[in-house]
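Inspection log for the structure reproduced underneath, given as structure tokens.
The values are calculated or read from the model by the stated rules, or taken from the named source; none is laboratory data. Since the model is a prediction, treat every value here as computed from it, not as a measurement. Every residue, glycine as well, gets a Cβ built from its backbone with ideal geometry; the counts of neighbours run over all protein chains shown. Heavy atoms of the whole protein, side chains included, go into the accessibility calculation; ligands, DNA and RNA do not. Shrake-Rupley method; radii C 1.70, N 1.55, O 1.52, S 1.80 Å.
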Amino acid sequence: MGDSTLTAGPDLIGPLPFTRCPTDHGVMVSSIVVQYTDLLRTSDYDLWSRLRELLKGQGLDPYRTVVVDLLQGGPDHEDGQVIAEDGRVYRFTLFYDQAAEHGARSAYLHRWTDITDSWRIGSLATRTADALAWTSSPTESS
């Protein structure tokens with residue numbers, strides 16, 4: 001698909017490749033999945049810290065959750081998709097004031113939807129399938 005200048009909110013700036021790449025254990029997965037999952041688990045930026053809190057509120061362990069996508073959907077929100085530790089797939093919208101310096105600190109989830117039974121027909125089907133394979137690989141959590 002090539003490169004894109006997609007950004008995940010004001011906290012992450014720069015081009016993010018949409019290429020599929022092999023992980024250390026041979027599973028092909030989008031570099032977006034790897035990057036965003038790493039940011040969810042390790043970043044101190046407001047957006048990722050707040051998303052960790054919100055995922056906990058939904059009963060998910062953010063350190064065992066995989067981010068399939070987090071895409072700017074408008075001036076006040078981002079659309080996301082994650083895979084929980086148990087393999088369930090969720091879609092959501094994350095609303096916050098993107099113009100405010102610390103607007104992400106008050107972000108909230110909207111339209112939290114379990115799409116486990118329908119993700120295969122969505123626009124992120126290939127990336128979700130790859131991410132699911134990655135989550136089930138023995139060394140993903142290391």
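Listing for the model above:
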item	result
Spans of strands (runs of 3 or more DSSP E) in the stretch 60-117 with at least 2 residues more than 14 Å from Leu40 (Cα to Cα) and among the acidic types (Asp, Glu)	77-83
Glu85 being of a type outside the set (Ser, Thr, Tyr), farther than 24 Å from Ser30 by Cα and either in contact with a Lys or Arg (Cβ under 9 Å, 6 or more places away or on another chain) or open to solvent by 70 Å² or more (accessible area, probe 1.4 Å) (or both)	no
Within the stretch 118-134, tally of residues that are in a loop (DSSP other than H, G, I, E, B) and touching a helix residue (DSSP H, G or I) at 6+ places or on another chain (Cβ under 8 Å)	1
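The rows are residues; the columns are (1) under 15 Å from the mean Cα position of the chain (by Cα); (2) among the hydrophobic types (A, V, I, L, M, F, W, C); (3) surrounded by fewer than 14 Cβ atoms within 10 Å (Cβ to Cβ).
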| residue | (1), (2), (3) |
| --- | --- |
| Arg50 | yes, no, no |
| Glu53 | yes, no, yes |
| Val66 | yes, yes, no |
| Asp69 | yes, no, no |
| Glu78 | yes, no, no |
| Arg91 | yes, no, no |
| Ala100 | no, yes, yes |
